[in-house]
Amino acid sequence: FDDGNGRIARAIADLQLARADGSGQRCYSMSAQIQAERQQYYDLLETSQRGSLDVTAWLTWFLACLGRAVTAAEQTLAQVLAKARFWELHRSTALTERQQRLLTRLLDGFEGKLTSSKWARIAKCSQDTAGRDIADLVAKGILRQDSAGGRSTSYRLQWPSPR
(Lines give C-alpha, C1' and ligand atoms only; values in the text may rest on other atoms or scores of the structure.)
Protein backbone atom coordinates (compact mmCIF):
# COMPACT_ATOMS: atom_id res chain seq x y z
CA PHE A 1 0.00 0.00 0.00
CA ASP A 2 1.13 3.57 -0.60
CA ASP A 3 0.11 4.44 2.95
CA GLY A 4 -1.11 2.55 5.96
CA ASN A 5 1.47 -0.23 6.07
CA GLY A 6 2.44 0.72 9.63
CA ARG A 7 -1.18 0.75 10.80
CA ILE A 8 -1.80 -2.61 9.20
CA ALA A 9 1.41 -4.04 10.71
CA ARG A 10 0.39 -2.77 14.18
CA ALA A 11 -3.09 -4.24 13.77
CA ILE A 12 -1.56 -7.58 12.76
CA ALA A 13 0.78 -7.42 15.78
CA ASP A 14 -2.22 -6.85 18.07
CA LEU A 15 -4.11 -9.69 16.37
CA GLN A 16 -1.23 -12.13 16.74
CA LEU A 17 -0.66 -11.17 20.38
CA ALA A 18 -4.37 -11.66 21.06
CA ARG A 19 -4.24 -15.11 19.47
CA ALA A 20 -1.08 -16.00 21.39
CA ASP A 21 -2.66 -14.92 24.69
CA GLY A 22 -5.30 -17.60 24.29
CA SER A 23 -7.69 -15.32 26.15
CA GLY A 24 -10.81 -13.57 24.96
CA GLN A 25 -9.86 -10.54 27.01
CA ARG A 26 -6.81 -8.36 26.67
CA CYS A 27 -6.25 -5.16 28.60
CA TYR A 28 -3.20 -3.86 26.78
CA SER A 29 -2.79 -2.45 23.30
CA MET A 30 0.50 -2.89 21.52
CA SER A 31 -0.73 -0.59 18.78
CA ALA A 32 -1.43 2.22 21.26
CA GLN A 33 1.98 1.77 22.91
CA ILE A 34 3.77 1.82 19.56
CA GLN A 35 1.81 4.95 18.65
CA ALA A 36 3.01 6.55 21.90
CA GLU A 37 6.60 5.60 21.03
CA ARG A 38 6.30 6.01 17.28
CA GLN A 39 9.52 7.97 16.74
CA GLN A 40 11.64 5.17 18.25
CA TYR A 41 9.54 2.64 16.34
CA TYR A 42 10.18 4.37 13.01
CA ASP A 43 13.86 4.97 13.76
CA LEU A 44 14.49 1.30 14.63
CA LEU A 45 12.38 0.08 11.74
CA GLU A 46 14.33 2.21 9.30
CA THR A 47 17.65 1.13 10.79
CA SER A 48 16.60 -2.52 10.54
CA GLN A 49 15.52 -2.14 6.90
CA ARG A 50 18.79 -0.57 5.83
CA GLY A 51 22.17 -2.20 6.18
CA SER A 52 22.54 -5.81 7.29
CA LEU A 53 18.80 -6.43 7.88
CA ASP A 54 19.65 -7.55 11.43
CA VAL A 55 16.34 -7.12 13.30
CA THR A 56 17.72 -7.93 16.75
CA ALA A 57 17.59 -4.31 17.96
CA TRP A 58 14.05 -3.92 16.64
CA LEU A 59 12.89 -7.18 18.26
CA THR A 60 14.50 -6.19 21.56
CA TRP A 61 12.71 -2.83 21.40
CA PHE A 62 9.42 -4.50 20.40
CA LEU A 63 9.53 -6.89 23.37
CA ALA A 64 10.44 -4.04 25.75
CA CYS A 65 7.59 -2.02 24.25
CA LEU A 66 5.25 -4.95 24.90
CA GLY A 67 6.40 -4.91 28.53
CA ARG A 68 5.67 -1.18 28.74
CA ALA A 69 2.22 -1.74 27.22
CA VAL A 70 1.43 -4.38 29.85
CA THR A 71 2.76 -2.14 32.64
CA ALA A 72 0.66 0.79 31.41
CA ALA A 73 -2.42 -1.45 31.31
CA GLU A 74 -1.70 -2.66 34.85
CA GLN A 75 -1.42 0.95 36.05
CA THR A 76 -4.68 1.90 34.34
CA LEU A 77 -6.44 -1.13 35.78
CA ALA A 78 -5.10 -0.36 39.27
CA GLN A 79 -6.41 3.20 38.98
CA VAL A 80 -9.83 1.98 37.84
CA LEU A 81 -10.00 -0.55 40.68
CA ALA A 82 -8.92 2.05 43.26
CA LYS A 83 -11.61 4.40 41.99
CA ALA A 84 -14.20 1.62 42.19
CA ARG A 85 -13.09 0.77 45.76
CA PHE A 86 -13.35 4.43 46.73
CA TRP A 87 -16.90 4.75 45.42
CA GLU A 88 -17.88 1.41 46.97
CA LEU A 89 -16.52 2.56 50.32
CA HIS A 90 -18.46 5.82 50.08
CA ARG A 91 -21.63 4.50 48.45
CA SER A 92 -23.72 5.38 51.50
CA THR A 93 -22.01 8.72 52.15
CA ALA A 94 -24.27 11.67 51.36
CA LEU A 95 -22.48 13.72 48.70
CA THR A 96 -23.71 16.49 46.47
CA GLU A 97 -23.37 16.14 42.72
CA ARG A 98 -20.72 18.86 42.83
CA GLN A 99 -18.73 16.95 45.47
CA GLN A 100 -19.00 13.76 43.45
CA ARG A 101 -17.79 15.54 40.31
CA LEU A 102 -14.77 17.08 42.08
CA LEU A 103 -13.90 13.83 43.88
CA THR A 104 -13.95 12.06 40.54
CA ARG A 105 -11.53 14.66 39.23
CA LEU A 106 -9.24 14.07 42.22
CA LEU A 107 -9.40 10.31 41.68
CA ASP A 108 -8.52 10.77 38.01
CA GLY A 109 -5.21 12.37 38.98
CA PHE A 110 -5.65 16.03 39.86
CA GLU A 111 -2.39 17.88 39.30
CA GLY A 112 -1.19 20.40 41.81
CA LYS A 113 -2.71 21.25 45.16
CA LEU A 114 -6.44 21.40 45.72
CA THR A 115 -7.41 24.70 47.30
CA SER A 116 -10.82 26.14 47.95
CA SER A 117 -10.17 28.68 45.16
CA LYS A 118 -9.46 25.89 42.65
CA TRP A 119 -12.54 24.01 43.90
CA ALA A 120 -14.70 27.12 43.36
CA ARG A 121 -13.26 27.70 39.88
CA ILE A 122 -13.62 24.07 38.74
CA ALA A 123 -17.08 23.61 40.29
CA LYS A 124 -18.21 27.05 39.12
CA CYS A 125 -19.46 27.93 42.58
CA SER A 126 -18.75 30.64 45.12
CA GLN A 127 -15.73 30.55 47.39
CA ASP A 128 -18.09 30.12 50.38
CA THR A 129 -19.80 27.12 48.77
CA ALA A 130 -16.40 25.59 47.96
CA GLY A 131 -15.36 26.06 51.58
CA ARG A 132 -18.54 24.36 52.83
CA ASP A 133 -18.10 21.47 50.36
CA ILE A 134 -14.52 20.94 51.48
CA ALA A 135 -15.32 21.25 55.20
CA ASP A 136 -18.07 18.65 54.77
CA LEU A 137 -15.67 16.25 53.05
CA VAL A 138 -13.03 16.79 55.74
CA ALA A 139 -15.64 16.07 58.42
CA LYS A 140 -16.61 12.87 56.58
CA GLY A 141 -12.96 11.76 56.44
CA ILE A 142 -12.79 11.93 52.65
CA LEU A 143 -10.42 14.90 52.40
CA ARG A 144 -7.69 15.96 54.76
CA GLN A 145 -6.03 19.32 55.11
CA ASP A 146 -2.35 19.49 54.25
CA SER A 147 0.02 20.86 56.89
CA ALA A 148 0.39 24.34 55.38
CA GLY A 149 -2.31 26.74 56.49
CA GLY A 150 -3.53 30.24 55.81
CA ARG A 151 -3.54 31.24 52.16
CA SER A 152 -1.59 28.06 51.37
CA THR A 153 -4.28 25.74 52.75
CA SER A 154 -4.71 22.77 50.45
CA TYR A 155 -6.44 19.43 50.66
CA ARG A 156 -5.91 15.89 49.43
CA LEU A 157 -7.88 12.68 49.38
CA GLN A 158 -7.74 10.77 52.64
CA TRP A 159 -6.96 7.44 51.04
CA PRO A 160 -7.72 4.92 52.21
CA SER A 161 -10.49 6.49 54.19
CA PRO A 162 -10.32 5.91 57.96
CA ARG A 163 -14.06 5.26 58.11
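The values are calculated or read from the model by the stated rules, or taken from the named source; none is laboratory data. Since this is a predicted model, take the numbers as computed values, not measurements. Backbone-built Cβ (ideal geometry, glycine too); neighbour counts: all protein chains shown. Only protein heavy atoms, including side chains, enter the accessible area calculation; ligands, DNA and RNA are left aside. Shrake-Rupley method; radii C 1.70, N 1.55, O 1.52, S 1.80 Å.
Using the Cβ of Ser117 as centre and a radius below 13 Å, the other residues enclosed give a net charge of +3, where K and R count +1 and D and E count -1. Using the Karplus relation 6.51 cos²θ - 1.76 cosθ + 1.60 with θ = phi - 60°, the per-residue 3J(HN,Hα) values for region 28-39 come to 10, 10, 5, 4, 5, 5, 5, 4, 5, 10, 4, 5 Hz, with x marking Gly and Pro. Could you state the angle between the C-alpha long axis of helix 127-139 and the longest principal axis of the C-alpha atoms of the chain, as a value from 0 to 90 degrees rounded to the nearest 10? Once rounded, the angle reads 80 degrees. In the chain, the longest principal axis of the Cα atoms and the axis of helix 5-21 are about 80 degrees apart.
Structural descriptor for the chain: relative contact order 13 percent, calculated from alpha carbon pairs under 8 angstrom and at least 6 residues apart.
Could you sort Phe86, Phe110 by their accessible area in this structure, using a 1.4 Å probe and putting the largest first?
Working: Phe86 0, Phe110 50 Å².
The residues order as Phe110, Phe86, largest area first.
What is the percent carbon and sulfur in the accessible area of region 22-71, measuring with a 1.4 Å probe over the protein chains and ignoring ligands? Of the solvent-accessible surface of region 22-71, carbon and sulfur hold 56 percent.
Peptides 53-63, 136-146 ranked from most to least packed, by the mean per-residue count of other Cβ atoms within 10 Å: 136-146, 53-63.
Leaving out ligands, DNA and RNA, what percent of the accessible area of region 93-157 is carbon and sulfur, probe 1.4 Å? Please list the in-between numbers first.
Values: 1710 of 3780 Å².
Carbon with sulfur: 45 percent of the solvent-accessible area.
Accessible surface area normalised per residue over region 5-87 is 67 Å², counting heavy atoms of protein chains with a 1.4 Å rolling probe. Net charge of the neighbourhood of Glu74, taken over other residues with C-beta under 13 Å away and scored Lys/Arg +1, Asp/Glu -1, is +2. Grouping the Cα pair distances of the chain into 10 Å bins from zero gives a pair-distance distribution of 9, 27, 19, 16, 18, 9, 2 percent in increasing distance order. Each Lys and Arg contributes +1 and each Asp and Glu -1, all at the Cβ; summed about the Cα centre of the chain, the dipole is approximately 960 debye. Amide H contacts of Gln158: Leu143, Arg144, each under 5 Å away and 5 or more positions distant or on a separate chain (H built 1.01 Å from N in the peptide plane; Pro and chain starts excluded). Per-residue 3J(HN,Hα) values for region 114-126, derived from phi via the Karplus relation 6.51 cos²θ - 1.76 cosθ + 1.60 with θ = phi - 60°, read 7, 10, 5, 5, 5, 4, 4, 5, 5, 7, 6, 9, 6 Hz in sequence order (x marks Gly and Pro).
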